[in-house]
Amino acid sequence: MLGISLALIAATFSGIALFLQKSGLKKIEKPLDAIKSKEWIIGTVLLLISFIFYISSLRIEKLVIIQPILNFSIIVLIFLESFVSKYKLTKHEMLSLTLFLVGVILMQV
């Protein structure tokens, strides 16, 4: 159970990190300016922290259990995009998200 919890934490941090990095990149003109963006730097640090949680979870649980849980980061990213950035999901995207969730759940059963 600890390994699964660590994987969920890793996935959450990863989703938040990707959201922050994307937000930081929207505000820059040149790719090298990313290191001047606070959001991008915080996102990168969170991504590194998520990797530590991921490796820790793999030391406790098998990859077959952990890997599908890490896909939860996509859900976190979509949630943040929808509610923080006010991105409206299309019907096609909602269907894709639903199928994705069903697939992850079926992999765990």
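The values are calculated or read from the model by the stated rules, or taken from the named source; none is laboratory data. This structure is a prediction, so every number in the text was calculated from the model and none was measured. Cβ sites come from the backbone with ideal geometry, for glycine too, and all protein chains shown count toward neighbours.
Results for (1) under 21 Å from residue 4 (Cβ atoms); (2) not β-branched (Val, Ile, Thr), shown as yes or no for each residue.
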| position | (1), (2) |
| --- | --- |
| 65 | yes, no |
| 77 | yes, yes |
| 90 | no, no |
| 97 | no, yes |
| 105 | yes, no |
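Going by what's in this entry, would residue 57 be described as at pLDDT below 95, surrounded by 14 or more Cβ atoms within 10 Å (Cβ to Cβ) and hydroxyl-bearing (Ser, Thr, Tyr)?
For residue 57, the condition - at pLDDT below 95, surrounded by 14 or more Cβ atoms within 10 Å (Cβ to Cβ) and hydroxyl-bearing (Ser, Thr, Tyr) - is not met.
Kindly indicate whether any position in region 43-66 is of a type in the set (Phe, Trp, Tyr) and under 26 Å from residue 86 (Cα atoms). Checking region 43-66: not a single residue is of a type in the set (Phe, Trp, Tyr) and under 26 Å from residue 86 (Cα atoms).
Looking only at region 29-45, decide whether some residue is assigned to a helix (DSSP H, G or I), touching a Ser or Thr at 6+ places or on another chain (Cβ under 7 Å), of a type in the set (Phe, Trp, Tyr) and surrounded by 15 or more Cβ atoms within 10 Å (Cβ to Cβ). Write out each step before concluding.
Looking only at region 29-45, we keep the residues that are assigned to a helix (DSSP H, G or I), and these are 31-36, 38-45.
Pick out the ones that are also touching a Ser or Thr at 6+ places or on another chain (Cβ under 7 Å) and you get 39.
Then drop every residue that is not of a type in the set (Phe, Trp, Tyr), which leaves none.
No, region 29-45 contains no residue that is assigned to a helix (DSSP H, G or I), touching a Ser or Thr at 6+ places or on another chain (Cβ under 7 Å), of a type in the set (Phe, Trp, Tyr) and surrounded by 15 or more Cβ atoms within 10 Å (Cβ to Cβ).
Only one of the listed residues (25, 99, 106, 89) is in a loop (DSSP other than H, G, I, E, B), over 14 Å from the mean Cα position of the chain (by Cα) and free of Cβ contacts under 8 Å to residues at least 60 places away in the same chain. That residue is 89.
So is residue 15 touching a Lys or Arg at 6+ places or on another chain (Cβ under 8 Å) and of a type outside the set (Ser, Thr, Tyr) or not? Spelling it out, it is not the case that residue 15 is touching a Lys or Arg at 6+ places or on another chain (Cβ under 8 Å) and of a type outside the set (Ser, Thr, Tyr).
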